[in-house]
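*Asks:* Below is a structure I'd like to ask you about.
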Amino acid sequence: MITKPTIDRIMEATDIVEVIGEFVALKKRGANYVGLSPFANERTPSFTVSPAKGIFKDFSSGKGGSAVTFLMELEKFTYPEALKWLAKKYGIQVEETVDTTENLEEQNHRESLMIVSGYAAKFFHESLLETEEGQNIGLSYFKERGFNADTIKKFELGYSPDQWEAFTGEAIKQGYQEQYLVESGLSVKRDNGSLYDRYRGRVMFPIHSFTGRVIAFGGRTLKSDKNVPKYVNSPESEIYHKSNVLYGLYFAKRAIREEDNCYLVEGYADVISVHQAGVENVVASSGTSLTVEQIRLIGRLTKNITILYDGDAAGIKAAIRGLDIVIEEGLNVRIVLFPDGDDPDSYVRKVGSSGFLNYVKSNSKDFIEFKSEILLKDIQNDPIAKANAFTEISKTISLIKDDLKRSEYTKIASQKFNISERQLIGIINKNISDELRKKRQSEERASEKLIQEENNIEDETSINTGLSQKELEAIAYSDANQEKEIIRLLLLYGNKMIDWDGIANTYIGPFMIAELSDVEFEQPVTKHFMEIYRQEVENGVLPEEQHFIHHPDKGIVDLVVTLLATKYTLSENWYEMHKIMVPDEQANMKATILGAIFHLKKQKVGKILESLRKELQTTSAEADQEILLNQYMHMKKVEKTISDYLGSVIIK
């Protein structure tokens, strides 16, 4: 367990804009920063960071919280993991207390996989540098590829000994469980139940998460036997999904943001060689077909991507396959093909960083220009081949969401294919209409299914309670809103002094807690919040919003951030421009605070009255009826008192 003083130091040092800025491209807007949501696919920024409050709010997904919460949501960290990541970033030494229960067994399954992968990376790296076999075989190979000592250390390159159980045996000896060795793919289980090393005799390329932890490996054989696969990669696991990972992104993310461009290559060696040459904004799809998730990872950092591929036929086909998916995600794409026989790795080693960058700059082509040339190549006068190529390029242009961009590319393509612009516009518009119709039909089918499910739920609920699902939701929604309003006021004004007629020299927080001592909060998260707040007040502390923003309970954090964050703010010139006065709740704090308290009490009294009415209808004993009736009349008087204050009229 991390000690409270350590947590406080971490929170004080953390700059939420700086932390989130490592994962999302943020732009200043007024007092806040905005960017595209990393949790949802959006084109208009709805992700907001407030440095003053130390919170973020994603209005697309509803997620929100502190820098710690952000890391937990995005990287699936546990609370301690997120704190340790921040501590490492800001150079804070973590002090921990021993919790024997938690230390006897790892906190969770995912963390256990992370730990065993980290141990494996260390084992392979030490095998490379400190064993005779590793130096003679693995280190010699890396040096032949031109990788220097700093690069080998930075990327944590390694070597797996050419023995059946070198790694597995040592891992088990060190106390790592077989379950996690197998699940991570580091070890393979034989039919008889024994284990052996998956990567024996291979040089190792650790694959890092966005935050730098080792989550998987790629192992390359150095043998010439054609029956031995050249690369063996980690299987899918709880911590590794290859469609969501780009090799080298952890080392490239800062450079990608600074250069506002990302170079996309194919393999591990391409990334390492180009990075070592000083061109650090480079990542790889690791030999897999480019996925939407990978493109969105890049899109969080930049909207510009340059795809670097081999000049052979396979490289050209790979480039074309990856184009449409990038265009559909709204990124600006350029393509560079290297001379036949070269790839980014060999070319940068041949000409150096300046020669490499000069070649990329002078040979990069816009995607429409590139794809048009590839499609038109070798079709000669074949009308069918030309028609197919024309259909293909029109489909690609149809994916462009921006109207101006689409118009410009239409002009370029019409010239390339020697076809009238009007004709091409007609085909593109038809493609767009067809896609919209398919999407609408799909949404309608999904909507019909949802309505049917809701009707089934409503029918079942009505049988059990006598109330429809919508009626129940209305009751719950009303209660939840009243309870949340109380919490919002506690967060904003709990530490402010009361200076009202008849009430003074006390704080709003303790006053509200005392006034609500007879009210039971029903929503689990609001009830928990009130328990925490009440306990702090009893301890002589007035908890402020930061106390809850950094709370370890995610439900509390979500609630608080939702109440504190707003998507819209009035400009300073709002009144001058529109002559519309927006009421200020602080102008009459007495009405604001007491109004919220009595609205909640009125809501609770109404529910008690409804419950008493139902009991009166089902109770036959006269004595019981008299007791219930007395209770009912008492609650009616309470209701009238509340209503008189609120100035409302109860319909009898």
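The values are calculated or read from the model by the stated rules, or taken from the named source; none is laboratory data. What you see is a predicted model, and the numbers here were worked out from it, not measured in a lab. FYI the Cβ positions are ideal-geometry reconstructions off the backbone, even for glycines, and counts take in every protein chain you see.
*Asks:* If a residue counts only when it is loosely packed, with under 12 Cβ neighbours inside 10 Å and modelled with pLDDT under 80, which helices (runs of 4 or more DSSP H) contained entirely in segment 531-589 have at least 1 such residues?
*Replies:* So the answer is 574-578.
*Asks:* If you don't mind, there's one more thing I want to ask. Out of segment 45-85, which residues are surrounded by fewer than 18 Cβ atoms within 10 Å (Cβ to Cβ) and of a type in the set (Val, Ile, Thr)?
*Replies:* Once the filter is applied, which keeps residues that are surrounded by fewer than 18 Cβ atoms within 10 Å (Cβ to Cβ) and of a type in the set (Val, Ile, Thr), segment 45-85 yields only 78.
*Asks:* Another question about this same structure. Give the residues of segment 205-247 that are in contact (Cβ under 8 Å) with a residue 60 or more places away in the chain and assigned to a loop (DSSP other than H, G, I, E, B), sorted by residue number.
*Replies:* Hits for segment 205-247 are 209, 210, 211, 213, 222, 237, 238, 239.
*Asks:* Could you run through segment 320-361 and say how many residues are part of a helix (DSSP H, G or I) and either within 28 Å of residue 395 (Cα to Cα) or modelled with pLDDT under 90 (or both)?
*Replies:* Number satisfying all stated conditions: 11.
*Asks:* Then there is this: Could you run through segment 16-44 and say how many residues are assigned to a loop (DSSP other than H, G, I, E, B), touching a Pro at 6+ places or on another chain (Cβ under 9 Å) and exposed (fewer than 15 other Cβ atoms within 10 Å of the Cβ)?
*Replies:* Qualifying residue count for the region: 1.
*Asks:* Now a separate question. Report yes if some residue within segment 163-183 is buried (at least 17 other Cβ atoms within 10 Å of the Cβ) and in a strand (DSSP E or B); otherwise report no.
*Replies:* no
*Asks:* If I ask for residues that are among the aliphatic types (A, V, I, L, M) and part of a loop (DSSP other than H, G, I, E, B), which ones from segment 1-15 would you list?
*Replies:* Correct list: 1 only.
*Asks:* Just to verify a result, which residue in segment 373-403, among those that are within 14 Å of residue 423 (Cα to Cα), crowded, with 19+ Cβ neighbours inside 10 Å and not small (Gly, Ala, Ser), is modelled with the lowest pLDDT?
*Replies:* 390
*Asks:* Okay, moving on. Could you run through segment 253-291 and say how many residues are modelled with pLDDT of 95 or more, among the β-branched types (Val, Ile, Thr) and surrounded by 24 or more Cβ atoms within 10 Å (Cβ to Cβ)?
*Replies:* Going through segment 253-291 one residue at a time, the tally reaches 5.
Here is a yes/no grid of residues against (1) in the same structural domain as residue 595 (by TED's automatic domain parsing); (2) at pLDDT 75 or above; (3) more than 29 Å from the chain's Cα centre (by Cα):
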residue	(1), (2), (3)
418	no, yes, yes
425	no, yes, yes
434	no, yes, yes
438	no, yes, no
444	no, no, no
454	no, no, yes
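*Asks:* Report, by residue number, each residue of segment 126-157 that is farther than 16 Å from residue 251 by Cβ and in contact with a Leu (Cβ under 8 Å, 6 or more places away or on another chain).
*Replies:* Passing the criteria: 128, 129, 134, 135, 137, 138, 139, 141, 142.
*Asks:* Looking at (1) surrounded by fewer than 17 Cβ atoms within 10 Å (Cβ to Cβ); (2) under 19 Å from residue 558 (Cα atoms), which is the only condition residue 495 fails?
*Replies:* (2)
*Asks:* So, one more: When you go through (1) farther than 23 Å from residue 181 by Cα; (2) of a type in the set (Phe, Trp, Tyr); (3) part of a loop (DSSP other than H, G, I, E, B) one by one for residue 56, which number turns out not to apply?
*Replies:* The failed condition is (3).
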